[in-house]
Amino acid sequence: MTRTHITGSFQLMKSLNRSVILTIIREYGPISRADIAKQTKLTPPTVTNIVSELLETGIVKESAIGKSKGGRKPILLTIEAKHSYIIGVDVGGRSIRAVLTDLDATIEHQVTHVLPKEMNEHTFLNVLKEVITDVLSHSSCPKEKMIGIGVGMHGIVDHTDGIALYAPNFNLSNIPIKQELEDYFEITTYVENDARALALGESWFGNGKDIDHVLCMNVGTGIGAGIILNNELFYGHHGTAGEIGHTVVDMHGKRCQCGNDGCLQTIASSEALQQRALEALGSGRKSMLMKNNLSGKVIHECAMAGDELAIELLEETGTYLGIAIINIIHFMNPEKVIIGGGVSKAGDFILEPLKKVVQTKALTEQARNTEIVLSHLGDNGTVIGAVTIVLKQIFSRNSAVS
Ligand SMILES: [Zn+2]
């Protein structure tokens, strides 16, 4: 091994340990240096050295005095959440939402821009830059405190190079998001599929905390799933794992935008919900719903007002989602299933029929009792997930190297 290699691996080890210590302080703080040493199995002098470095950068601060177990009372450490800031972006089918947060993922400012109906790569990237410029301009935070931009993008994403390989809602391919944003803003940018971003956000800040195997379904204009196995995002061989929206649930069903017939997305997405409502009204069903004013929100409101058709449409959506989820439960055996995205706002109208499918069709008692919940982060799920992609670069959940 050459000297450069040795220096390189030493630097890496040091930075890995720094990241592990930061994570312990983030998750267990306020915490003493002695307790950090116990948790990480690093020696107390190593912990003291790294903590001194971190205190110097300002990302860690000394806070309250802890209880003494005999001898001097220890000084406790916490993360200075305002040390750095992050921009999280959610690129949906119809709009782009961006937030600015601190290191606790607390939102300080947010903006949403509606996307034009027809777009080419150039117009899309321009809107994306406008949204980020907008959120930056409303913040008093200096640019050098910005440590990253995280983008949750629908469709197939190459997360290594930050390229949107295929964005079905825009019918665009190979959009170099990372490169464009880094050239324009000079801020490191990470791009991830939106369902995977949501799963990561739920795993750090929502209903997936402290759970090793989670399935997170994003049900909106499209349907995607983020899979967390052993506490890590699962990508599959080509990074396309989780495309649950394109599993076939009716081989004689409607043509999907992917070219296949009867994908889950053609039945249970928000678009499909509106389409089915239109068809029912067209066939003369009596309802409070009106052809010219249909949206997921309106259907939910009518269901709450007791409209039979609206309730039936949501129930049907829940049942189909339940069929998709029972297949995943049998295949993957997750500990918990989280449902997010626009359609999840219909709450119990879809959750109850969905749970019913799982409770009646699952193979074992344990599988029947798989916990199924709505996203805790709600509308902010994907943006907080996008922020988490950046946080993940600083706070490592790996073990320390002594
Ligand atoms: Zn499809």
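Figures for the structure shown
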read-out	value
Largest-first principal axis extents, alpha carbons of the stretch 158-209, Å	34, 28, 16
Acute angle (nearest 10 degrees) that the helix 121-137 long axis makes with the longest principal axis of the chain, alpha-carbon atoms	50 degrees
Which of 263, 216 has the fewest Cβ neighbours within 10 Å, and the rest in rising order	263, 216
Part-to-part distance (alpha-carbon centres) for the stretch 106-125 and the stretch 330-400, which is given in Å	26 Å
Ascending count of other beta-carbon atoms within 10 Å, so fewest first, for 396, 344	396, 344
Per principal axis, descending, Cα span of the stretch 18-135 in whole Å	69, 23, 22
Spatial extent of the chain: Rg and Dmax, with the Cα atoms as the point set, Å	23.4, 81
Peptides 309-321, 137-149 ordered by average Cβ neighbours within 10 Å, highest first	309-321, 137-149
Spatially proximal lysines relative to residue 254 (Cα-Cα < 30 Å; intrachain offsets below 8 disregarded)	117, 286, 291, 297, 345, 355, 356, 361
Counting DSSP beta bridges with both ends in the stretch 84-199, the antiparallel % (nearest 5)	60 percent
Within a Gaussian network of the chain (alpha carbon springs, distance under 10 Å), most fluctuating of 93, 239, 259	259
Principal-axis tilt of helix 348-361 within the chain, Cα atoms, nearest 10 degrees	90 degrees
Mean ellipticity per residue at 222 nm, deg cm²/dmol - from DSSP H runs of n ≥ 4 across the chain, formula -39500 (n - 2.57)	-13500 deg cm²/dmol
Dimensions (Å) - the stretch 84-199, Cα atoms, principal axes, largest first	36, 27, 27
Cα-derived Rg over Rh, computed across the stretch 185-276 with Rh taken as Kirkwood radius	1.05
Rg/Rh ratio calculated on Cα atoms of the stretch 207-375 (Kirkwood radius)	0.98
Whichever lysines have a C-alpha closer than 18 Å to that of residue 73, once near sequence neighbours (fewer than 8 apart) are set aside	38, 61
GNM flexibility winner over the chain from 168, 116, 176 (Cα, springs under 10 Å)	116
DSSP-defined beta bridges in the chain - what % are antiparallel, rounded to 5	60 percent
Sorted by Cβ neighbour density within 10 Å, fewest at the top, the residues 99, 373, 219	373, 99, 219
Most fluctuating residue given options 283, 32, 52, as computed from a GNM of the chain linking Cα atoms under 10 Å	283
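Throughout, read-outs are computed from the coordinates displayed, never taken from laboratory work. Just so it is clear, the model here is predicted, and its values are computed rather than measured. Every residue, glycine as well, gets a Cβ built from its backbone with ideal geometry; the counts of neighbours run over all protein chains shown.
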